[in-house]
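Input: a single structure, listed below in structure tokens.
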Amino acid sequence: MPKSSAGNNRRIILAGSNPGLRLFDENGKVTAYASIWMVDWSIRGSGAAVVLWFDGIVRVVSEDVDLASWLEQYFVRSFLEVQGLPWHEPAVERDMVQVSMNLADGLSAKAADIQIEMGGVLDRRLFATENFQLAEGNHSLSLVIAPVRSATVSIGGASVPGFVQVDGSPDRPGSSAFLTTAEVWQR
């Protein structure tokens, strides 16, 4: 059996995927944030969830509301992408979440009346850190990330305003919207 990283006594707490997006207006202000979770295994169970911030309201949708609430509280609230957003206690909704994703084409997700589309994969690369700060302290994270060119969010059939910001270089493009896979969090 392969050994873990030297000196790493951390335990896996979650394995899965957590694509995300931020949409911006023409002034660079965030108009929407979404965190899509496909949890293959975690210390709190498995399943899919969507965390959406729009217009000052946080919505958490999943069939497993306990898992989804943990994802929002333990992980999402600590992400740099949400810093500065008015983050109020979420409305937690029990509803089916359907996600279809691949690193060639993009992502399509549906949760309650929320529809998310992401496409135009720009790159695929490995990301790993031993120093990812969450509210519960320092964590290790490794994943394959794929920044994308475009993303849309609609609620009840109405499009949320905003667009993806693409940056970086042709050799290493970046984006405010990205897919992930093979994501492993350790504490």
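Observations
- Unmet requirement for F163, which otherwise passes all of (1) over 15 Å from P19 (Cβ atoms); (2) among the hydrophobic types (A, V, I, L, M, F, W, C); (3) open to solvent by less than 10 Å² (accessible area, probe 1.4 Å): (3)
- Counted residues, the range 123-158 - those being open to solvent by 30 Å² or more (accessible area, probe 1.4 Å) and touching a Gly at 6+ places or on another chain (Cβ under 8 Å): 2
- Filter result (under 17 Å from V61 (Cβ atoms), open to solvent by less than 30 Å² (accessible area, probe 1.4 Å) and assigned to a strand (DSSP E or B)) within the range 104-117: L107, A109, A111, I114, I116
- Test result for S169, open to solvent by 30 Å² or more (accessible area, probe 1.4 Å), polar (S, T, N, Q) and farther than 26 Å from S46 by Cα: yes
- Test: residue in the range 55-72 that is open to solvent by 30 Å² or more (accessible area, probe 1.4 Å), in contact (Cβ under 8 Å) with a residue 60 or more places away in the chain and within 16 Å of the chain's Cα centre (by Cα): no
- Within the range 40-49, the residues that satisfy the criterion of being open to solvent by 10 Å² or more (accessible area, probe 1.4 Å), in contact with a helix residue (DSSP H, G or I) (Cβ under 7 Å, 6 or more places away or on another chain) and touching a residue at least 24 places away in the same chain (Cβ under 8 Å) are R44, G47.
- Qualifying residue in the range 9-23 (condition: over 16 Å from L141 (Cβ atoms), modelled with pLDDT of 95 or more and in contact with a Pro (Cβ under 9 Å, 6 or more places away or on another chain)): yes
- The numbered conditions (1) out of contact with any Gly (no Cβ under 7 Å at 6 or more places or on another chain); (2) assigned to a strand (DSSP E or B); (3) within 28 Å of S159 (Cβ to Cβ) are all true for L71 except (2).
- Of all residues in the range 74-103 being outside any loop (DSSP other than H, G, I, E, B) and touching a helix residue (DSSP H, G or I) at 6+ places or on another chain (Cβ under 8 Å), the one that is most open to solvent (accessible area, probe 1.4 Å): R94
The values are calculated or read from the model by the stated rules, or taken from the named source; none is laboratory data. Here the structure is a predicted model, which is why all the values come from computation and not from measurement. Because the Cβ atoms are built from the backbone with ideal geometry, glycine has one as well, and the counts that use them run over all protein chains shown. All accessible areas refer to the heavy atoms of the entire protein, side chains included, with ligands and DNA or RNA removed. Shrake-Rupley method; radii C 1.70, N 1.55, O 1.52, S 1.80 Å.
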